[in-house]
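The values are calculated or read from the model by the stated rules, or taken from the named source; none is laboratory data. It should be emphasised that the depicted structure is a prediction, and the values quoted were computed from it without experimental measurement. All Cβ positions, even for glycine, are placed from backbone atoms using ideal geometry, and neighbour counts span all protein chains on display. Just the protein is used for accessible areas: all its heavy atoms, side chains included, with ligands, DNA and RNA removed. Shrake-Rupley method; radii C 1.70, N 1.55, O 1.52, S 1.80 Å.
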Amino acid sequence: IMVGFIFVISLSFLMFEVLLTRISKIFFGDSFDQVLIISLVVLGFGVGANSLDYLSKLIEKKNFFSILALLTFLYSLFLNFPIAFLHTSFAVDNLFITKIIYFILIFVIYVLNGMILSLIYQKYKEEISIIYFSSTLGASIGCFLAIYLMNLFTIESLIKIIILLSFVALIFCS
């Protein structure tokens, strides 16, 4: 069951990252922002994993599925924020501040991702090879799927698909 969760959630993580790269190119135009997104994703994963390591000392181990469900729900909730923010009039008027807020929102999403992955890796140490394989397989398929689906759907529709995928993952963990 956890293999299914990690596959679907990793698929959604990378679909979202590819989509964010496309959105940045469309909205901001320069390629530096695309490189910055990749850096924020990696940094977010690291910060999320380390913060979860700190928080795990405060959290009882028996609440694993509740915490995983909460983090996945928060991830799903935050997915629409960067794109919704870009649709505001503030985003159009103040490009520098827009970039800062946009990248902070992305960073928060990937901190949650790092916490989700770290929580799973901590809990399933004995099955790490199959969990890691499932994660990388989902992420790889997510990249290709995002590129394919961007030709079929609008950005807003793709965000809804990614949110739906994260809720499907939530079903796996409940």
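Residues that are of a type outside the set (S, T, N, Q), more than 25 Å from Ile23 (Cα to Cα) and open to solvent by 40 Å² or more (accessible area, probe 1.4 Å) within the range 104-133 comprise Tyr121, Lys123, Tyr124, Lys125, Glu126, Glu127, Ile128, Ile130, Tyr132, Phe133, listed in sequence order. Among the conditions (1) under 24 Å from Phe81 (Cα atoms); (2) aliphatic (A, V, I, L, M); (3) assigned to a helix (DSSP H, G or I), Ile128 misses just one, which is (1). Taken as a whole, the structure places Leu165 among residues that are closer than 16 Å to Leu74 by Cα and surrounded by 15 or more Cβ atoms within 10 Å (Cβ to Cβ). When you look at Thr136, is it loosely packed, with under 15 Cβ neighbours inside 10 Å and at pLDDT 85 or above, yes or no? It is true that Thr136 is loosely packed, with under 15 Cβ neighbours inside 10 Å and at pLDDT 85 or above. Considering only the range 40-57, I want to know if a residue exists there that is open to solvent by 60 Å² or more (accessible area, probe 1.4 Å), at pLDDT 80 or above, closer than 26 Å to Tyr148 by Cβ and not in a helix (DSSP H, G or I). The answer is no, given that none of the residues of the range 40-57 is open to solvent by 60 Å² or more (accessible area, probe 1.4 Å), at pLDDT 80 or above, closer than 26 Å to Tyr148 by Cβ and not in a helix (DSSP H, G or I).
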